[in-house]
Amino acid sequence: MITILRDTNIADKLVFNMEEDGKRIGGITAKLEHDGVHITALDSEVELYYDGLCRTVLAYANIRGVDRAVFEISDERQLYRLRGFGFITESSSVLESISEFFDRGCEDSEGKQ
């Protein structure tokens with residue numbers, strides 16, 4: 001079973017680690033700022049896990065009243081995947097409304113559910 005847990009030992013930023021059978025298989029780092037949640041690092045050997053990691057941070061922020069996300073990721077392969085999952089677009093690394101993102105549901109690349 002895969003779990004995503006917040007590392008509560010780190011106080012100055014949000015760190016969520018993804019584990020399977022006690023072994024770390026991915027993670028995401030973010031900061032809650034006045035203008036939204038800033039996602040600063042994302043890692044996993046399995047790129048499909050980016051979706052769950054990002055959704056975890058977005059849900060955490062949204063529950064706390066934050067409705068905007070800024071993806072400060074520079075790795076082109078990660079950006080490509082984030083675009084494919086619908087978090088960002090070719091022209092913007094900002095998700096203006098987290099709640100609207102979740103309201104869309106899980107859509108495929110053609111916009112169908």
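Every number here is computed from the coordinates shown, using simple stated rules; none is lab data. All figures in this text were calculated on a predicted structure; none of them were measured in a lab. Neighbour counts are summed over all protein chains in view; Cβ atoms, including those assigned to glycine, are modelled from backbone coordinates with ideal geometry.
Taking neighbour counts of Cβ atoms within 10 Å as a proxy for exposure, in what order, fewest first, do Ser99, Ser91 appear? If you can, show how the numbers build up before the last one.
Values: Ser99 10, Ser91 6.
By the 10 Å Cβ count, ascending: Ser91, Ser99.
Report the relative contact order of segment 2-104, percent, no decimals, based on alpha-carbon pairs under 8 angstrom and at least 6 residues apart.
Values: 164 pairs, mean separation 19.9, N = 103.
Relative CO of segment 2-104 lands at 19 percent.
Determine the gain in length on full extension of the stretch Arg77-Leu48; use 0.36 nm per residue of separation and subtract their C-alpha separation, reporting nm with one decimal. Numbers along the way, then the final one.
Working: separation 29, 0.36 × 29 = 10.44 nm, distance 1.19 nm.
Taking Arg77 through Leu48 to full extension adds about 9.2 nm, to one decimal.
Below 8 Å between Cα atoms, with a sequence gap of 6+, how large is the relative contact order for segment 30-75 in percent? Walk me through the intermediate numbers first.
Numbers: 45 pairs, mean separation 22.9, N = 46.
After rounding, I find 50 percent.
Based on the Cβ-Cβ distance from Glu90 to Arg68, what FRET efficiency comes out when R0 is 22 Å, to the nearest 0.05?
Values: r = 19 Å, r/R0 = 0.86.
Approximately 0.70, to the nearest 0.05.
Of all DSSP beta bridges in the chain, what percent run antiparallel (nearest 5)? Spell out each step's value before the answer.
Values: 22 of 25 bridges.
Around 90 percent antiparallel, to the nearest 5.
Find how much the distance from Asp12 to Lys31 grows on full extension, using 0.36 nm per residue of separation minus their present alpha carbon separation; answer in nm with one decimal.
Numbers: separation 19, 0.36 × 19 = 6.84 nm, distance 0.77 nm.
My answer for the length gained is 6.1 nm.
How much length would be gained if the chain were fully extended between Arg24 and Ala59, taking 0.36 nm per residue of separation minus their Cα-Cα distance, in nm to one decimal?
Details: separation 35, 0.36 × 35 = 12.60 nm, distance 2.10 nm.
Gain on stretching Arg24 to Ala59: 10.5 nm.
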